[in-house]
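Comments concern the structure below.
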Amino acid sequence: MGHPMPSSPAVRPSSHPFHTCGSCKFVWPTWQRFVLDPGVRLLGMQSVATHPQFNLLVFEHKCGSSVSILTRRLHHLLPDHEPGAPSQRLTGTELCSKHCRHIGDLEVCDAPCVNACDRKLIRIIQQMRKEAGNGTI
């Protein structure tokens, strides 16, 4: 069962798929097909406090399996992602909004924190899905 390819010049075939479901073995050839798949639901972000480069976006596939994607694999979606982006982790400080403590918290954070950059991906993915007619997840 395939899903229609979104019309976008950014969709490029690759010899390696973006992701394969560990349970049912469904293959998403590109990040666009994964993000826009109506059979995938965003559950939240799992932040790794001591190693933010291993933060994950956690999704649920229609087969019932959870699918985790390293946020850095989607950093190209961030319009302002630059080498000068925040590298400091504010978890546990007074500046922390505590959104990263709960995986199901889909709020975006404005703190100058490395996790806030990753949390922006949540809003970007929700907007992409809305524009594609797949709802807000």
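The values are calculated or read from the model by the stated rules, or taken from the named source; none is laboratory data. Bear in mind the structure is a predicted one, so any value in this text is a computation, not a measurement. Neighbour counts run over all protein chains shown; Cβ positions are idealised from the backbone, glycine included.
Look through S97, S68 and report the one residue that is assigned to a strand (DSSP E or B) and not acidic (D, E). Give the derivation first.
Working: S97 fails: assigned to a strand (DSSP E or B).
Result: S68 is the single residue among S97, S68 that is assigned to a strand (DSSP E or B) and not acidic (D, E).
Only a single criterion out of (1) at pLDDT 90 or above; (2) under 11 Å from the mean Cα position of the chain (by Cα) is not satisfied by S23, namely (2). The residue that is surrounded by the most Cβ atoms within 10 Å (Cβ to Cβ), among those in segment 103-118 that are in a loop (DSSP other than H, G, I, E, B) and of a type in the set (A, V, I, L, M, F, W, C), is C113.
For first residues located in segment 66-86 and small (G, A, S), partners that are in a helix (DSSP H, G or I) and at pLDDT below 95 and lie 6+ apart or on another chain with Cβ distances below 7 Å form the pairs A85/C117. For segment 28-58, a residue qualifies if it is in contact with an Asp or Glu (Cβ under 9 Å, 6 or more places away or on another chain), in a strand (DSSP E or B) and in contact (Cβ under 8 Å) with a residue 24 or more places away in the chain, and the qualifying residues are V40, R41, L42, L43, G44, M45, L57. At pLDDT 95 or above, surrounded by 12 or more Cβ atoms within 10 Å (Cβ to Cβ) and either closer than 21 Å to M128 by Cα or in contact with a helix residue (DSSP H, G or I) (Cβ under 7 Å, 6 or more places away or on another chain) (or both), is that true of R89? In short, no.
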